[in-house]
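In what follows, a single structure is set out as structure tokens and then discussed.
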Amino acid sequence: MKTLIVYDSKYGNTAELADEMLLALGSEAKACDCEQLELGMLEGVELLIIGCPTQKWTASPPARDAAFVIGESVSPSHLKVATFDTGFVGPFAGSGAAKLADMMAEAGFEVVARPEHFRVEHLHGPLEEGETERAREWALALAA
Ligand SMILES: Cc1cc2nc3c(=O)[nH]c(=O)nc-3n(C[C@H](O)[C@H](O)[C@H](O)COP(=O)(O)O)c2cc1C
């Protein structure tokens, strides 16, 4: 399945997960920092994965901007969407992935998976043990 992973990452943890997903999915997949996104990259894409750090209980501003632009500019037909975030675990941690999923659903896209959360140990990371493996498995399950 032709897949594009669009991600934002301030300290590199979300980018690391995007790289892991890319490795798992192989040549059918590409990844792109959302600041480098060009809409032409979405041509022929069947699965769009958007990832971000959760910041201030929601998706990071560059990720929200990217989701907004895609929602405004791309036809939702034939493009399935899934979202993930990185952040802390806790009752007040919030979910950037849920925000992105809501934005894409409101724009008419089919969101095919529950927003997924991957844990970092501290503000700058690292990712908690096992999270890179879980990211690879999550991406493979989505593509299957
Ligand atoms: C300004 C700011 C606000 C943050 N707010 C939250 C938050 O509300 N909930 C949370 O779980 N993590 C929060 N974090 C922690 C980030 O989620 C964490 O830094 C991120 O997962 C690291 O990913 P990255 O390396 O891809 O930037 C915040 C981080 C920053 C810099």
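Just so it is clear, none of the values below were taken in a lab; they were calculated from the coordinates. Quick caveat, the model's predicted, so the values are computed rather than measured. Don't worry about glycine lacking a Cβ; one is built from the backbone with ideal geometry, like all the others, and counts go over all protein chains shown.
Odds and ends about this structure:
- Among (1) among the charged types (D, E, K, R); (2) assigned to a loop (DSSP other than H, G, I, E, B); (3) within 16 Å of the ligand (Cβ to nearest atom) - the single one R114 does not satisfy: (3)
- When restricted to residues that are in a strand (DSSP E or B) and out of contact with any Ser or Thr (no Cβ under 9 Å at 6 or more places or on another chain), the stretch 57-80 contains 1.
- If the condition is being crowded, with 16+ Cβ neighbours inside 10 Å and away from the ligand (no atom under 16 Å from the Cβ), then the stretch 70-100 contributes I70, G71, V74, L79, K80, V81, A82.
- Test: residue in the stretch 36-54 that is within 16 Å of the ligand (Cβ to nearest atom), closer than 27 Å to E121 by Cβ and surrounded by fewer than 22 Cβ atoms within 10 Å (Cβ to Cβ): no
- Any hit, the stretch 18-25, residues being at positive phi and either within 16 Å of the ligand (Cβ to nearest atom) or of a type outside the set (A, V, I, L, M, F, W, C) (or both): no
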